[in-house]
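Down below is the structure, laid out as structure tokens.
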Amino acid sequence: MFGQLGHGTNSNEILPKQVVELMGSTITQIACGRQHSLALVPSRGRVYSFGTGGSGQLGLRKTISASTPQVVLGPWVSPSGVSLIAAPEVVGNIVIQRIFAGGDHCFVSVIPQQSTASPYDCRDLSEDTQILVITESYAESLARTPCEGAVDQDVLTFLETFFKSLSCLNGSFLLDNGGHYYCTSKHHGVDLEKAEAVFSLIGKIENKSIKDVIWNCITEDLLRHLSPSPPDVETLRVYLTIPLYHEFNNPKRHSRLQKPFASAVLALKQPAVRVLSSWWGSTGCEYFERLVNAFKTVAGYVLRGQNVPEGKTAFYDSSLVAALDMLALLNKINHSVEGLKVPYDTFHISDISECLDIRVDYVRWLSDQGSGKLFLCNYPFVFDANAKVQLLETDQAIQMHKAMTEAAQQAVLAMMFSPQSLNSINSFLMLTVSRDHIVEDALRELGEVHPNDLKKPLKAEDAGGVTKEFFLLLLREILDPKYGMFREYEETRAIWFSESSFEDNSVYFLIGMILGLAIYNFTIIDIPFPLVLYKKLLNEPIGLNDLRGLSPVMANSLQSLLDYEGDDMEDVFALSFDVSRNAFGEAVTVPLKPNGSNIAVTQENK
């Protein structure tokens, strides 16, 4: 407010801003007074002052203020011997060593020009003034300490200081050469390889005293000081490094390590969660998988330890809930990355069906949704294929039983009040088809079925009676190219919807109904749709990588288009916003946007 920022105004700046008059100069010292500032340029032996000067504290030989840097004249010279004072009686043989600014005054300390000492440089930081960090070489020395050997008290003091301090941990393992500066949601500044190397060595320590000190400091002090509302983005670095501690792989210690860590993460405010999620999403696959396994192992360990009796589901356990909620967050992050960071089965708890009755959990979950009780069905990503089959069977049995019960009730009512309609009530979904016209017959029959009847068990009858071949024959016919409803891609043998089909949406709807009936009636069918179809059904984001499941060549071609940085793009690719398709033997050009054929693809619009 008093010009002490040197910007030429008295406005209050809250963001960093360059001082124009000092640009190009190497400043090695800054001193801030109450309402004025000093800056030193040692190469020219110059001190600049700016701000309030009512008491003469700017050294300008006047009681004036200055909002831009002014040279302070004095009996000193630059290191090369050039003096700023023209008075002949002044002999310049001293140079400035340090500058100081107080309330309403300033002063400098000087040294002889020929002195072996050099002016102080605030940019050179002494090691003993820096925050305590742990290095790979220090961790190696800890790992070499004998198992039963005595440990120096200085070592224990160092470990206690370091592992109790969030600041020390956040200040360690940083990228070299200033790469850790400008910490944002996109850039955490942590050298994870360096951190992994140090924690790997810590995991090899055999000395009990050292191991106990590290364990107690982390669990009793460090984790308890994690705040739900961190003061700065840099303080979130601890969530990247602590999971590298080898005890995270030990589920037996979950109550003191994994649970408090998960609880701290889940308690974070949304802005902090977004930053941390971005950081975890940008880590390598190996790191991310390690993080998932740490909490998946805890969940499995707790479930196995509960010894759930038959007919019961999992008991509430705070460690189990914390681990599952952490896995839910990690699963969300995994799906936010194009192409998945780790395979979805990384989250599967393989023996979950042996730990509890999945069917009981599902039935109770259906009736108690929103009750706040613990149900594994709230975490479907932990179910493997075997568990999901049990869930489908359970759901099918419930819905089929309900549909058949309703049909039986309708039959009883019809018998009592409307006997003539009794013949139209059936406990099964009956489809009468012929092998010669299976597609036409099936589509006709399904088009006349009431939606409620679809939940009943299916009976498809032809001249040979009920047949398991119904779905296989029907779908083989529907997918035949002669119908032109689907197109097969030779590279992957996958199919996709044909752009040139003459069929309307109602036919595709009936095909979807057939697929649903096949799943509902537990018939295994081979429909080679790419994974992207299911992502679209789940409203998950679609990216270029999804195209590889259909046509890798097309996907790679589009990627090369994005990667090309040359100025001659239009000449090299010669593309416009349209595509050519083969429709019944004829080439058809389809614009991808209005007037697309006349719009060239360039570096700006690609």
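The values are calculated or read from the model by the stated rules, or taken from the named source; none is laboratory data. Note that this is a predicted model, so its numbers are computed, not measured. Cβ sites come from the backbone with ideal geometry, for glycine too, and all protein chains shown count toward neighbours. Note: areas computed on protein heavy atoms with side chains; ligands, DNA, RNA excluded. Shrake-Rupley method; radii C 1.70, N 1.55, O 1.52, S 1.80 Å.
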Exercise for review: Kindly list, by first and then second residue, each pair from a residue in the stretch 221-241 that is free of Cβ contacts under 8 Å to residues at least 40 places away in the same chain and in a loop (DSSP other than H, G, I, E, B) to a residue that is of a type in the set (Val, Ile, Thr) and open to solvent by less than 70 Å² (accessible area, probe 1.4 Å), limited to pairs with Cβ atoms under 6 Å and residues at least 6 apart or on different chains.
Suggested key: none
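Tell me the helices (runs of 4 or more DSSP H) entirely within the stretch 290-382 that contain at least 2 residues that are open to solvent by less than 50 Å² (accessible area, probe 1.4 Å) and within 21 Å of Lys252 (Cα to Cα).
Details: elements: 318-336, 352-355, 358-367.
It comes to 318-336, 352-355.
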Exercise for review: Output yes when any residue across the stretch 83-99 is modelled with pLDDT of 95 or more and out of contact with any Ser or Thr (no Cβ under 6 Å at 6 or more places or on another chain), and no when none is.
Suggested key: yes
Check your understanding: Are there any pairs, at least 6 apart or on different chains, whose C-beta atoms fall under 6 Å, with the first in the stretch 1-19 and under 22 Å from Gly103 (Cβ atoms) and the second among the charged types (D, E, K, R), and if so, which?
Key -> Leu5/Glu13
Exercise for review: Scan the stretch 556-576 for residues that are in contact with a Lys or Arg (Cβ under 9 Å, 6 or more places away or on another chain) and open to solvent by less than 40 Å² (accessible area, probe 1.4 Å) and jot them down.
Suggested key: Leu561, Met569
Exercise for review: Answer yes or no as to whether Ser551 is out of contact with any Lys or Arg (no Cβ under 9 Å at 6 or more places or on another chain), among the hydroxyl-bearing types (Ser, Thr, Tyr) and closer than 28 Å to Leu475 by Cα.
Suggested key: yes
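Using the structure shown, decide if Val553 is farther than 22 Å from Gly447 by Cα and open to solvent by 80 Å² or more (accessible area, probe 1.4 Å). First the steps, then the outcome.
Values: farther than 22 Å from Gly447 by Cα: yes; open to solvent by 80 Å² or more (accessible area, probe 1.4 Å): yes.
Judged against the criteria, Val553 is a match.
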Review point. Would you pick out the residues in the stretch 107-131 that are surrounded by 10 or more Cβ atoms within 10 Å (Cβ to Cβ) and either in contact (Cβ under 8 Å) with a residue 40 or more places away in the chain or in contact with a Ser or Thr (Cβ under 8 Å, 6 or more places away or on another chain) (or both)?
Key: Val108, Pro119, Tyr120, Asp121, Cys122, Ile131
Study note, to complete from the structure: Residues of the stretch 200-244 being aromatic (Phe, Trp, Tyr) and surrounded by fewer than 20 Cβ atoms within 10 Å (Cβ to Cβ), in sequence order, are Trp215
Study note, to complete from the structure: Of the residues in the stretch 556-579, those that are assigned to a strand (DSSP E or B) and charged (D, E, K, R) come to Asp578
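If you take the residues of the stretch 10-22 that are open to solvent by 70 Å² or more (accessible area, probe 1.4 Å) and more than 40 Å from the chain's Cα centre (by Cα), which of them is nearest to Gln57 (Cα to Cα)?
Taking the stretch 10-22 and keeping what is open to solvent by 70 Å² or more (accessible area, probe 1.4 Å), we get 10, 12, 14-18, 20-21.
Subsequent filtering for residues that are more than 40 Å from the chain's Cα centre (by Cα) retains 10, 20-21.
Details: Asn10: 18, Val20: 22, Glu21: 20 Å.
Among those residues, the one meeting the criterion is Asn10.
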Check your understanding: So Lys194 clears everything in (1) part of a loop (DSSP other than H, G, I, E, B); (2) surrounded by 15 or more Cβ atoms within 10 Å (Cβ to Cβ); (3) of a type in the set (D, E, K, R) except one condition, right? Which one?
Key -> (1)
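On the basis of being open to solvent by 70 Å² or more (accessible area, probe 1.4 Å) and touching a residue at least 40 places away in the same chain (Cβ under 8 Å), does Lys164 make the cut? Full working, then the answer.
On the way: open to solvent by 70 Å² or more (accessible area, probe 1.4 Å): yes; touching a residue at least 40 places away in the same chain (Cβ under 8 Å): yes.
When the stated conditions are applied, Lys164 passes them.
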Point to revise | Within the stretch 484-495, considering residues that are surrounded by fewer than 17 Cβ atoms within 10 Å (Cβ to Cβ) and either of a type in the set (Asp, Glu) or at pLDDT 85 or above (or both), the one nearest to Glu586 (Cα to Cα) | key: Glu488
Practice item. Could you please give the count of residues in the stretch 528-548 that are farther than 22 Å from Leu475 by Cβ, open to solvent by less than 40 Å² (accessible area, probe 1.4 Å) and in contact with a Leu (Cβ under 8 Å, 6 or more places away or on another chain)? Key: 1
